[in-house]
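These notes are about the structure you will find just below.
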């Protein structure tokens, strides 16, 4: 049984019926092209507020600006805000959007547990709420959730390490250090659980040896190694501490589970400062997002892979949801069981992530137009 299934809690039949009321009964397959994703006729009375968590990560800038452009091209009024990773600032931004007449709110939450009261305000104004890539917890006023299959992201990372390290046939212990994402980000538990369901058995057998001792005994303890706000400088400081405290006397770390690219960049900076060299003693490192700096690192041999989530498809899907809401149509979802926010199962649309390695940077990221060759030195 997958760990994601373990996160699915039972809900009352009435709440489930409510969550399903606006959903189509024939979902599309994950990753398929969204209906109506091309040019669209101008939408009437389309007033959308978008709040993204921060400008400090490349992906959120791209996500916000791309969705804003699509909506403006469709004739919508759009207010795009970035919260600087501050909960109070994001709440204030959402309040201003509600006061400004936004009838659809697209929210990538800074803290997925802190928005209940402001979403109650939105409900009083009959505004619909789409949780964007991060589930909003503890509120009945979350209408839809659009994201990637986040448990699968972790599975892809875990299976990559399993296969590349040949864990099933390894004769000697492999020194391994796991990291997890921000404790206030609901997605982080899914990323970690997907990977840990693959890797924990090898830790328990001693095939993977966590020299630092920072090895959660179960998925439920993932936040004990979480890096707040996904900040690179915090992951660098944590890796600095592990290397200086536990990797002395010639011991070397050989593999690192990094749940995303921003943490990987900090980990890689720490390794460089400690004297690790590519081609000599550089460890295997995972990532996620396909950020430009990390793709350069992959090409340079400093990062082993990234899990690519084509956020253009996520923006297309949310744009389609907004179209359907604005037109009074049923909103298409393809998952009505996996994402319980503690109050209700939120109808969701999941997209498929995929692995990118050095040999597939060109075919997947460049040829698709996600990145320009010049962005990564090609």
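Using the average count of surrounding beta-carbon atoms within 10 Å as a protection proxy, the listed peptides 179-186, 271-278, 327-334 rank, highest first, as 179-186, 327-334, 271-278.
Taking packing as the residue-averaged number of other Cβ atoms within 10 angstrom, the listed peptides 261-267, 129-135, 115-121 run from highest to lowest as 261-267, 129-135, 115-121.
For residue 292 and residue 209, what does the FRET efficiency come to when R0 = 30 Å and r is the distance between their Cβ atoms, rounded to the nearest 0.05?
Numbers: r = 34 Å, r/R0 = 1.12.
Calculated transfer efficiency: 0.35.
Counting other Cβ atoms within 10 Å as a rough exposure proxy, the listed residues 224, 139 run 224, 139 from fewest neighbours to most. Between 0 and 90 degrees, rounded to the nearest ten: what's the tilt of helix 87-99 against the longest Cα principal axis of the chain? That helix lies at roughly 20 degrees to the long axis.
Extending 7 Å from the Cα toward the beta-carbon at both residue 244 and residue 159 defines two label points whose distance is 4.0 nm. Could you state the number of Å between the C-alpha centres of region 225-279 and region 98-153? Taking the Cα centre of region 225-279 as reference, the centre of region 98-153 is 34 Å away.
Starting with the fewest neighbours, write out 145, 202 ranked by other beta-carbon atoms found within 10 Å of each beta-carbon.
Numbers: 145 26, 202 21.
Lowest to highest Cβ neighbour count: 202, 145.
How big is the antiparallel share of DSSP beta bridges in the chain, given as a percent to the nearest 5?
Details: 5 of 36 bridges.
So the antiparallel bridges amount to about 15 percent of the total.
Extension gain for the segment residue 217 to residue 357, taken as residue separation times 0.36 nm less the Cα-Cα distance, is 47.4 nm to one decimal.
Legend: calculated FRET efficiency, residue 77 to residue 171, from the Cβ-Cβ distance at R0 = 56 Å, rounded to 0.05, equals 0.30.
Of the residues 191, 246, the one with the fewest other Cβ atoms within 10 Å heads the list, and the complete ranking is 246, 191. Give the shape of region 150-308 as rounded, prolate or oblate, defined through the alpha-carbon gyration tensor: a ≥ b ≥ c are the square roots of its eigenvalues, a/c under 1.5 means rounded, and otherwise the shape is prolate if a/b is larger than b/c and oblate if not. It is rounded, given that a/c, with a ≥ b ≥ c, falls under 1.5. For region 52-194, the average shadow cast by the Cα convex hull is 10.2 nm², which is a quarter of the hull's surface. Counting each DSSP H run of 4 or more residues in the chain as -39500 (n - 2.57), what helix-only mean residue ellipticity at 222 nm follows after dividing by all residues, to the nearest 500 deg cm²/dmol? Only helices count here, giving -11500 deg cm²/dmol.
Since every read-out is calculated from the coordinates, none of them should be taken as a lab result. This one's a predicted model, so the numbers in the text were calculated from it and none came from an experiment. Please note: Cβ atoms are built from the backbone with ideal geometry, for glycine as well, and neighbour counts cover all protein chains shown.
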